[in-house]
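**Q** Structure below; questions to follow.
The values are calculated or read from the model by the stated rules, or taken from the named source; none is laboratory data. Given the structure is predicted, the values throughout are model-derived calculations rather than measurements. Every residue, glycine as well, gets a Cβ built from its backbone with ideal geometry; the counts of neighbours run over all protein chains shown. Quick note on the areas: whole protein, heavy atoms, side chains included, nothing else; ligands and nucleic acids left out. Shrake-Rupley method; radii C 1.70, N 1.55, O 1.52, S 1.80 Å.
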Amino acid sequence: MTKSFSIPKRLVREAFQQVKANGGTAGVDRESIEQFERKLKDNLYKLWNRMSSGSYFPPPVKAVPIPKKSGGIRILGVPTVADRVAQTVVKMVLEPMLEPIFDRDSYGYRPGRSALDAVALVRRRSWEYDWVVDFDIKGLFDNIDHELLLRAVRKHCSNPWVLLYIERWLKALMEVEQGRVEASERGTPQGGVVSPLPANLFLHYALDVCLQRWMCSVRFCRYADDGVIHCKSEAQATLVLRKLAERLIECGLELHSEKTRIVYCKDVNRQDTYPVAQFTFLGYTFQPRKAVDKYGRVYVNFSPAVSRAAMKTMRQTVRKWHLQLKCDKELCDLARKYCSFRFPQPLDSAPASPRQCLAMPPGFPECGFASIEKARGWVHAFVQWYNNVHRHSALKFVTPAQRHAGHDIKVLAARRRLYESAKAAHPARWTQQTRNRDLVTEVYLNKRKDEEMLIVHPSTQVCVSSSVEHDISVLNG
């Protein structure tokens, strides 16, 4: 039977593999990826058949409110698993058409480009230009005009089924509460697979093209709705900000008044007075900072560093790990638990040592880092940070390199003194047959809690871990 549209089945299967790799929760039908995969052949055929015949209509997206760092909430539209596969099929066809159109200074939602690339570009330009217009578009995904967006998509894409399904996704319903749905007249659901691509095309014509045509002497860098424009003078920055606001109003958008400002890049060579001398872009705060040149001389440089809000989020995340309670773990165990890199295991069932893990070549499956060097660097930085936090205690890690160089004697001696103090304070918990599972952890908790809350019952006593036994055997000679 002849289908209305020619969509390869291979494309649908590849789209599902991408959806499975990205993960995600269930939509309004409460069907997870695992449940969808149980009848994978039937589900993919049904989806392909409907898309090829033009009879596929996207189900309502699930509204999920998430808190913003600056306050308030953001509504994410979570599609179903089947709808995410269908959106991925359209994205795989549409993205190669639109990618050559985008500007080289646009970094949001583009393959091979990251937020760190945008930060590096802004860092270099902040040394060349004295003034910066830091802008943010208010409610981009909620206020995009559907007609203008479809007009931009039709200009570069003539595929009928791609245009058909993009229009249907723009008008898809959203389930706000259980059983209650709302229609969408403006905007595109934030959280969909294909949504960022048309939104980026909309901003390309609403913002990027106009900046190149009207103000070719300025330099801009944009990541989705967050951007930075570098100018030569304050008068030029004021003009750019006024033109930018007028252009966005013509396209149905507006600037965020609290997040849009003119900033002066102050350093050792630029010492004029201006009320605003810092801005935050993609989680990095650009401001005058102390720096040291290659000759050892100290000077003031306008450079980025992690913002206070991002540092607060990092600290809260690390506190939830409760690292002070995991002294019996090896470095590879912590890396396997708290980062996406999967350390390989040897052929036997015994766990690999940190030295064996870090010495293995890259290219293992489900590897979150680009190379083993990056994984090794992450572990090294993590150990330095953790040991600096616990520099006044015996809870520090002993790396294989330190053990090989003989620098672990002081750490093991401090740990031995901690064991002896624990043995003297709690003789009933330290016997020849059984010892507490993690005595260092218990001593640490005794500094903060009453001893009545830490009574160890016989059922909770097990043999001490092998790493502690090894340390004690080394200390005892």
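**Q** For the range 1-34, what are the residues that are in a helix (DSSP H, G or I) and open to solvent by less than 80 Å² (accessible area, probe 1.4 Å)?
**A** Our first condition is that a residue be in a helix (DSSP H, G or I); within the range 1-34, this holds for 9-22, 33-34.
Result: L11, V12, E14, A15, F16, V19, I33.
**Q** Only one residue in R270, R247, R261, R222 is in contact with a Ser or Thr (Cβ under 7 Å, 6 or more places away or on another chain) and either buried (at least 18 other Cβ atoms within 10 Å of the Cβ) or touching a residue at least 12 places away in the same chain (Cβ under 8 Å) (or both). Which one?
**A** Criteria check complete, one pass: R222.
**Q** Related question: With (1) within 14 Å of F382 (Cα to Cα); (2) out of contact with any Lys or Arg (no Cβ under 9 Å at 6 or more places or on another chain); (3) basic (K, R) as the list, and K337 as the residue in question, which single condition is left unmet?
**A** (2)
**Q** Give the residues of the range 233-270 that are of a type in the set (A, V, I, L, M, F, W, C), touching a Phe, Trp or Tyr at 6+ places or on another chain (Cβ under 6 Å) and under 19 Å from R222 (Cα atoms), sorted by residue number.
**A** Here is the first cut: in the range 233-270, the ones of a type in the set (A, V, I, L, M, F, W, C) are 235, 237, 239-241, 244-245, 248-249, 251, 253, 255, 262-263, 265, 268.
Applying the additional criterion that residues be touching a Phe, Trp or Tyr at 6+ places or on another chain (Cβ under 6 Å) yields 237, 255, 263, 265, 268.
Scanning the range 233-270 gives A237, L255, V263, C265.
**Q** In the range 54-73, which residue that is modelled with pLDDT of 85 or more and among the hydrophobic types (A, V, I, L, M, F, W, C) is most open to solvent (accessible area, probe 1.4 Å)?
**A** F57
**Q** Further, regarding this structure: Within the range 149-185, work out how many residues are aliphatic (A, V, I, L, M) and either in contact with a helix residue (DSSP H, G or I) (Cβ under 7 Å, 6 or more places away or on another chain) or at positive phi (or both).
**A** Number of matching residues: 8.
**Q** Looking only at residues that are of a type in the set (K, R) and either under 25 Å from G283 (Cα atoms) or modelled with pLDDT of 90 or more (or both) in the range 207-235, which one is nearest to the chain's Cα centre (by Cα)?
**A** Taking the range 207-235 as the starting set, the residues that turn out to be of a type in the set (K, R) are 213, 219, 222, 232.
Filter once more, so that each one left must be either under 25 Å from G283 (Cα atoms) or modelled with pLDDT of 90 or more (or both): 219, 222, 232.
Values: R219: 27, R222: 18, K232: 33 Å.
Filtering first and then ranking leaves R222.
**Q** Restricting to the range 156-203, and then to whatever is of a type in the set (V, I, T) and modelled with pLDDT of 85 or more, can you tell me which residue is surrounded by the fewest Cβ atoms within 10 Å (Cβ to Cβ)?
**A** Step by step, filter the range 156-203, then rank; the result is V162.
**Q** To continue, here is another question. Consider only pairs whose beta carbons are under 8 Å apart and that are at least six residues apart or on different chains; among these, list those whose first residue lies in the range 181-202 and is in contact (Cβ under 8 Å) with a residue 60 or more places away in the chain and farther than 14 Å from D225 by Cβ and whose second residue is among the small types (G, A, S) and crowded, with 20+ Cβ neighbours inside 10 Å.
**A** Close Cβ pairs (under 8 Å, with a partner that is among the small types (G, A, S) and crowded, with 20+ Cβ neighbours inside 10 Å) amount to P189/G77; P189/A172; P189/S195; G191/G77; G192/G77.
**Q** Quick check on the range 236-247. Is at least one of its residues farther than 19 Å from H204 by Cα, modelled with pLDDT of 90 or more and under 33 Å from the mean Cα position of the chain (by Cα)?
**A** Yes, because at least one residue in the range 236-247 is farther than 19 Å from H204 by Cα, modelled with pLDDT of 90 or more and under 33 Å from the mean Cα position of the chain (by Cα).
**Q** Right, here's the next one. If a residue counts only when it is in contact with a Gly (Cβ under 6 Å, 6 or more places away or on another chain), which helices (runs of 4 or more DSSP H) contained entirely in the range 121-236 have at least 2 such residues?
**A** Those helices (runs of 4 or more DSSP H) do not exist here; none qualify.
**Q** Which condition from (1) in contact with a Lys or Arg (Cβ under 9 Å, 6 or more places away or on another chain); (2) free of Cβ contacts under 8 Å to residues at least 12 places away in the same chain; (3) in a helix (DSSP H, G or I) is the one that I66 breaks?
**A** Going through (1) in contact with a Lys or Arg (Cβ under 9 Å, 6 or more places away or on another chain); (2) free of Cβ contacts under 8 Å to residues at least 12 places away in the same chain; (3) in a helix (DSSP H, G or I) one by one, I66 breaks only (3).
**Q** Mind listing whichever residues of the range 287-304 are under 18 Å from P275 (Cα atoms) and surrounded by fewer than 10 Cβ atoms within 10 Å (Cβ to Cβ)?
**A** Within the range 287-304, no residue meets the criteria.
**Q** Would you be able to say whether some residue in the range 83-102 is more than 24 Å from H256 (Cα to Cα), part of a loop (DSSP other than H, G, I, E, B), among the β-branched types (V, I, T) and touching a Gly at 6+ places or on another chain (Cβ under 6 Å)?
**A** no
**Q** Would you pick out the residues in the range 288-320 that are out of contact with any Lys or Arg (no Cβ under 8 Å at 6 or more places or on another chain) and assigned to a helix (DSSP H, G or I)?
**A** R308, A310, M311, K312, M314, R315, Q316, T317, V318, R319, K320
**Q** I would also like to ask the following. Does A277 meet the test of being in contact (Cβ under 8 Å) with a residue 12 or more places away in the chain and in contact with a strand residue (DSSP E or B) (Cβ under 9 Å, 6 or more places away or on another chain)?
**A** Criteria met by A277.
**Q** Related question: Anything in the range 114-147 that is open to solvent by 60 Å² or more (accessible area, probe 1.4 Å) and within 30 Å of P58 (Cα to Cα)? List them, or say none.
**A** Matches in the range 114-147: K138, D142, E147.
**Q** Go through the range 282-301 and report how many residues are of a type in the set (A, V, I, L, M, F, W, C) and farther than 20 Å from K259 by Cα.
**A** Number satisfying all stated conditions: 4.
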